[in-house]
Amino acid sequence: MPDERFRRDVQRFFWLPPDVPRPPARVWATLRVWLLCLAFGALGTAVGWEEEGLVVMMTVALLSLLDDVSEGVRHRWPAFVAALASGWGVNRLAHASVPSSDSLWGEYGVYALWTLVAMATFVAVSRLPQR
């Protein structure tokens, strides 16, 4: 029977049953995760890790968004895709507009903005009304 439960969990991750309520993403929980991301990134930057702190910061943000997707928030997959696209766009725009420097704190600022825009986009799209 463990195979049946695994199949049901995977199926629920991708396709929620129609009778399941779909609330929007919680703003305060997302804000707390973003502050945790900032703390991880600042710690990695202060210690002098080249990219590890920034990667951990992005990973925590993405895992938080995937957790909200698995809980079944409203418009979950379009919100996740929009969050990734907007975060990537802000990242590319910031790297193109800001002159290149070897400062880890400059990269920290770019990735802090990336995580903020991605999480804010996710929350905003999940708050759009149902059809």
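The values are calculated or read from the model by the stated rules, or taken from the named source; none is laboratory data. Please read all numbers here as calculations on a predicted model, not as lab measurements. Here Cβ is always computed from backbone atoms with ideal geometry, including for glycine, and neighbour counts include all displayed protein chains. Accessible surface areas use protein heavy atoms only, side chains included; no ligands, DNA or RNA. Shrake-Rupley method; radii C 1.70, N 1.55, O 1.52, S 1.80 Å.
Looking at residue 106, is it without any contact (Cβ under 8 Å) to a residue 12 or more places away in the chain, open to solvent by less than 50 Å² (accessible area, probe 1.4 Å) and small (Gly, Ala, Ser)?
For residue 106, the condition - without any contact (Cβ under 8 Å) to a residue 12 or more places away in the chain, open to solvent by less than 50 Å² (accessible area, probe 1.4 Å) and small (Gly, Ala, Ser) - is met.
Take the stretch 77-91 and flag every residue that is open to solvent by 40 Å² or more (accessible area, probe 1.4 Å) and of a type in the set (A, V, I, L, M, F, W, C).
Hits for the stretch 77-91 are 77, 81, 84, 85, 88.
Can you spot a residue in the stretch 56-73 that is outside any helix (DSSP H, G or I) and at positive phi?
yes
If I filter the stretch 10-30 down to residues being open to solvent by 80 Å² or more (accessible area, probe 1.4 Å) and not in a loop (DSSP other than H, G, I, E, B), which single residue comes out as modelled with the highest pLDDT?
28
Looking only at residues that are among the polar types (S, T, N, Q) and in contact (Cβ under 8 Å) with a residue 40 or more places away in the chain in the stretch 48-98, which one is nearest to residue 32 (Cα to Cα)?
64
Out of the residues in the stretch 31-69 that are among the hydroxyl-bearing types (Ser, Thr, Tyr) and under 13 Å from the mean Cα position of the chain (by Cα), which is most open to solvent (accessible area, probe 1.4 Å)?
59
From the list 120, 112, 124, 94, exactly one residue is closer than 14 Å to residue 64 by Cβ and either open to solvent by 70 Å² or more (accessible area, probe 1.4 Å) or aliphatic (A, V, I, L, M) (or both). Which is it?
120
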